[in-house]
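Visitor: Provided herewith is a single structure, encoded as structure tokens, for subsequent inquiry.
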Amino acid sequence: MDQRFVPINALLAMVTGEAGWPPVFKGAGYHVQAIEAKISTSTPAGDGRTSRPDAVLANPDAASVILGEAKSGSSGVARQLETMSFVTVAQARTHVGFSFVPTRLESLVIGLDGHEPGLRSRMAEAGVDFPLLLLGGRRARLTSALHALEPFDLEVPAHPPRIICIDAQSSEDEWRRYLAPQIAALMAQDARSPVGVDSMIQQIIAWWPTYSAAGKRDLCHKVQQVLRGMQEGAMAGDFALEEPHGGSTCGFIRILRTPATNDPHGVTQGWQRVRRNARGAMGRRERAEQSMMDPLFRFEELGLAAEVDTDRPGSEDES
């Protein structure tokens, strides 16, 4: 897991209790209201700003909301923390939305234990003093109290679960490694109807429905950009990207061809081409990444009459 996803995944795990993490936030009455929110606010001088907390937690019983900022380092944080301090309860209600009327808004910084001095320095620059949730050495430590949760120092598993492992800042190469196997699987299924890009993202990020509207727009833009590159490059002719319509958020992809419709003598060779193209789109950088494709291309599982030895020298599957 990329180091920058450790703090946000740890926070989510401490809400859900996933993977053996202590669900202390859930126990205090909090749930995840939104991920990657976008809240318009302003400085005391009236200058407009936008706060983008990584997670918003809500506690209906306490009528309280937490804006969580997850940081794997401490550089470039001061302005973000200052902006978050300007957000009001009314602004959070307007831009996030809640099923109750919150009366209290708090901020929380989630980071790595080794960066505590840097985070405290950045808070001092911003003129704020938020509680810190610090992670490291199999410990999770809340440095000061929240409205519904006292400080704690708890033993936790060595690593948080991979709840979020990719985002709008991830490289196109990383996104292709997730998207190419999905497209190949749709070809194997001989999918005829358009498939929502939203549903593809949800297979990668299970918490997709919890993302704010702004967070979804950012991710949709990124994934559409990656899919356009794939349809013009390594998987040209395999699928087409269609623009959003009919209430969809991210558009659709339509499978244009599948080796299942080939002449029987060309079916196996067709699947070899799909495998090569999909692996080409993924970049084939590491053996572990290649293994993502393997279950999709066991010819006997596709019900093909003809088989080839794809490991022999000169096979069409060689790269």
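The values are calculated or read from the model by the stated rules, or taken from the named source; none is laboratory data. Computed from a predicted structure; not experimentally measured. Because the Cβ atoms are built from the backbone with ideal geometry, glycine has one as well, and the counts that use them run over all protein chains shown. Heavy atoms of the whole protein, side chains included, go into the accessibility calculation; ligands, DNA and RNA do not. Shrake-Rupley method; radii C 1.70, N 1.55, O 1.52, S 1.80 Å.
Visitor: Output the qualifying pairs, or none if there are none: Cβ atoms under 8 angstrom, residues six or more apart or on different chains, first residue in segment 192-218 and closer than 16 Å to Ile163 by Cβ and of a type in the set (Gly, Ala, Ser), second residue open to solvent by 70 Å² or more (accessible area, probe 1.4 Å) and not in a helix (DSSP H, G or I).
Guide: Here the result reads Gly215/Lys38, each pair linking segment 192-218 to a residue that is open to solvent by 70 Å² or more (accessible area, probe 1.4 Å) and not in a helix (DSSP H, G or I).
Visitor: Being loosely packed, with under 15 Cβ neighbours inside 10 Å and in a helix (DSSP H, G or I) is the filter here; which residues of segment 196-212 pass it?
Guide: Ser199, Gln202, Gln203, Pro209
Visitor: Right, something else. Give all pairs with beta carbons closer than 8 Å in which a residue from segment 143-162 that is charged (D, E, K, R) meets a residue that is open to solvent by 80 Å² or more (accessible area, probe 1.4 Å); count only pairs at least 6 apart in sequence or on separate chains.
Guide: As it stands, the answer is Asp153/Arg139; Glu155/Arg138; Glu155/Arg139; Arg162/Met1, since those pairs meet every condition given.
Visitor: Let me ask you something else. Go through (1) more than 17 Å from the chain's Cα centre (by Cα); (2) modelled with pLDDT under 95; (3) surrounded by fewer than 21 Cβ atoms within 10 Å (Cβ to Cβ) and name the single condition Ala184 misses.
Guide: (3)
Visitor: For Arg257, state whether it is modelled with pLDDT of 95 or more, over 30 Å from Leu12 (Cβ atoms) and surrounded by fewer than 18 Cβ atoms within 10 Å (Cβ to Cβ).
Guide: No.
Visitor: Could you say which residue among Ser170, Ser193 is within 30 Å of Ala92 (Cα to Cα) and in a loop (DSSP other than H, G, I, E, B)?
Guide: On the way: Ser193 fails: within 30 Å of Ala92 (Cα to Cα).
Being within 30 Å of Ala92 (Cα to Cα) and in a loop (DSSP other than H, G, I, E, B) holds for just one of Ser170, Ser193, which is Ser170.
Visitor: Restricting attention to segment 128-138, which residues are in contact with a helix residue (DSSP H, G or I) (Cβ under 7 Å, 6 or more places away or on another chain) and open to solvent by 60 Å² or more (accessible area, probe 1.4 Å)?
Guide: Residues satisfying the conditions are Asp129, Gly137.
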